[in-house]
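J.: Please read through the structure below; I'll follow up with questions.
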Amino acid sequence: MQKDDCFYFGKVIKTHGIKGEISIRIDSDNPANYSGIEFILLDINKKLIPFFIDSIKINQNKAYVAIQDLKTVENAQDLVGYEIYLPLDQLPKLIGNKFYYHEVPGFKVVDKTYGLLGTIDRVLEYPNQAVFQVFHKGKEILIPIQDEVILKLNRKTKTFDIDAPDGLIDLYLNS
């Protein structure tokens with residue numbers, strides 16, 4: 001399995017207990033959605049290595065995981081620090097205007113005032129704001145990903161209807 005087919009799930013942060021369990025930090029708004037996972041993929045030397053789960057206990061954004069065939073603290077210690085991935089098909093389905101950043105490149109963006117602006121090239125994640133990168137007639141437009149801006153997401157037509165902040169589109173098109 002390749003990283004492009006997966007999403008970042010979390011990281012092994014320490015060992016847990018004396019029977020070789022690991023403690024992981026889960027990067028999710030709803031960690032409980034993952035209480036039934038059967039395996040995790042650890043990024044070891046740029047390769048995703050599967051580890052099958054005997055048991056998992058989730059507590060807020062942490063999980064205590066018993067891995068098959070991992071029975072000692074020393075073996076568990078070897079996994080500390082590695083990033084964890086899961087296959088994309090393990091992501092919960094989102095509805096309404098909620099979406100995953102990886103799924104929207106290629107979606108059309110239609111502004112309430114300007115009409116079709118173009119398609120999303122990619123999502124750029126800046127420290128304070130994620131934005132859609134769209135090109136309109138060769139000019140880059142960065143559209144903030146905010147509930148106030150996104151009016152509607154139509155997955156069937158792969159279209160975002162937006163209401164860009166006043167002056168934003170002009171700023172990019174007239175520069």
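J.: Got a sec? Which of Q146, Q133, Q90, Q77 is surrounded by 12 or more Cβ atoms within 10 Å (Cβ to Cβ), among the polar types (S, T, N, Q) and within 19 Å of Y8 (Cα to Cα)? Break it down into steps so the answer makes sense when it comes.
T.: Details: Q146 fails: within 19 Å of Y8 (Cα to Cα); Q133 fails: within 19 Å of Y8 (Cα to Cα); Q77 fails: within 19 Å of Y8 (Cα to Cα).
Selected residue: Q90, the only one of Q146, Q133, Q90, Q77 that is surrounded by 12 or more Cβ atoms within 10 Å (Cβ to Cβ), among the polar types (S, T, N, Q) and within 19 Å of Y8 (Cα to Cα).
J.: In the set I40, I49, I24, I95, which member is under 20 Å from the mean Cα position of the chain (by Cα) and either of a type outside the set (V, I, T) or in a loop (DSSP other than H, G, I, E, B) (or both)?
T.: Criteria check complete, one pass: I95.
J.: Could you tell me which residue of region 2-31 is modelled with the highest pLDDT, considering only residues that are hydroxyl-bearing (S, T, Y) and in contact with a helix residue (DSSP H, G or I) (Cβ under 8 Å, 6 or more places away or on another chain)?
T.: Checked region 2-31; the qualifying residue modelled with the highest pLDDT is T15.
J.: Take region 80-115 and flag every residue that is of a type in the set (G, A, S) and in the same structural domain as L48 (by TED's automatic domain parsing).
T.: G81
J.: Criterion first (closer than 24 Å to Y8 by Cα, over 25 Å from the mean Cα position of the chain (by Cα) and assigned to a loop (DSSP other than H, G, I, E, B)) does L70 satisfy it?
T.: When the stated conditions are applied, L70 passes them.
J.: Looking at region 1-53 only, could you name the residues that are of a type in the set (K, R) and under 17 Å from T72 (Cβ atoms)?
T.: Hits for region 1-53 are K14, K19.
J.: Based on what the data block shows, is A130 under 28 Å from K3 (Cβ atoms) and of a type in the set (G, A, S)?
T.: In short, yes.
The values are calculated or read from the model by the stated rules, or taken from the named source; none is laboratory data. Everything numeric in this text was worked out from a predicted model, so none of it was measured. Methodologically, a virtual Cβ is constructed for each residue, glycine included, from the backbone with ideal geometry; neighbour enumeration extends over all protein chains shown.
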